[in-house]
Amino acid sequence: MSFPGAEVLGAIVCSFVDTMGAFKGLAREILTANGIDDPEPRLWYSQRAWRESLDEIAKKIGPNTLFQIARQIPASARIPPEFDTLEKAFQNLDDAYQGTHRGGDVGHYRVVESAEKSLKVECTTPYPCDFDRGIVAGLAHRFEGENPLLDVHHETFAPCKKQGDAVCVYLVHW
């Protein structure tokens, strides 16, 4: 799934590459093959090319590695000080996402249910399930640290991008 004409800010691409560690060279090769050569943080790139790069990275190094790398992205994201709790951060995740994407409907991260110490987050971005799950888990861990009660998982019996659906739903408990 991709959204025609949509673009992603180079800062997102650069942040991802910076977290690749030993796979940084491979990531750059894959990005170049998909038309993103030497990304710059302030430039915009085809969301389709970025998505295809993520798919190829997942195939070559595995979905769990894609999850672990995406999980690191929220650690370096600039979050305004007023979003000082996990709940506030998730309520504003989509605004942050929209600020780094442009060119039409680029998908969403939405809190669709909230209860005491739990959230249900719906992801309709064009990105792979493991990437979205990594973003959700990384944001949760940024606010809850190593809280032993923190758990982020895909909702059981929910739609999944791995099955060809356009949405994944994650449960966050702490």
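Where a number appears in this text, it was derived from the coordinates with a stated rule and is not lab data. Every value quoted in this text rests on a predicted model; they were computed, and no experiment measured them. Every residue, glycine as well, gets a Cβ built from its backbone with ideal geometry; the counts of neighbours run over all protein chains shown.
Key figures for this structure:
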{"read-out": "Cα centroid separation - region 49-98 against region 28-42, whole Å", "value": "18 Å"}
{"read-out": "Nearest 10 degrees, 0 to 90: helix 63-76 Cα axis against the chain principal axis", "value": "80 degrees"}
{"read-out": "Relative contact order of region 1-51, pairs being alpha-carbon contacts under 8 Å that are 6 or more residues apart, as %", "value": "57 percent"}
{"read-out": "In nm, spacing of pseudo-spin labels at Asn64 and Phe157 (7 Å Cα→C-beta vector)", "value": "2.8 nm"}
{"read-out": "Relative contact order [Cα under 8 Å, 6+ residues apart], the chain, whole percent", "value": "22 percent"}
{"read-out": "All Cα pairs of the chain, percent lying beyond 23 Å", "value": "36 percent"}
{"read-out": "Rh (Kirkwood; distinct C-alpha pairs) - region 20-72, Å", "value": "11.4 Å"}
{"read-out": "Segments 116-129, 13-26 sorted - mean Cβ within 10 Å per residue, highest first", "value": "116-129, 13-26"}
{"read-out": "Phi-based couplings in Hz for region 96-113 (Karplus 6.51, -1.76, 1.60; Gly and Pro marked x)", "value": "5, 4, 4, x, 10, 9, 8, x, x, 6, 10, x, 8, 10, 10, 7, 9, 7"}
{"read-out": "Acute angle (nearest 10 degrees) that the helix 47-61 long axis makes with the longest principal axis of the chain, alpha-carbon atoms", "value": "80 degrees"}
{"read-out": "Between helix 24-33 and the chain: long-axis angle, C-alpha atoms, 0 to 90°, nearest 10", "value": "60 degrees"}
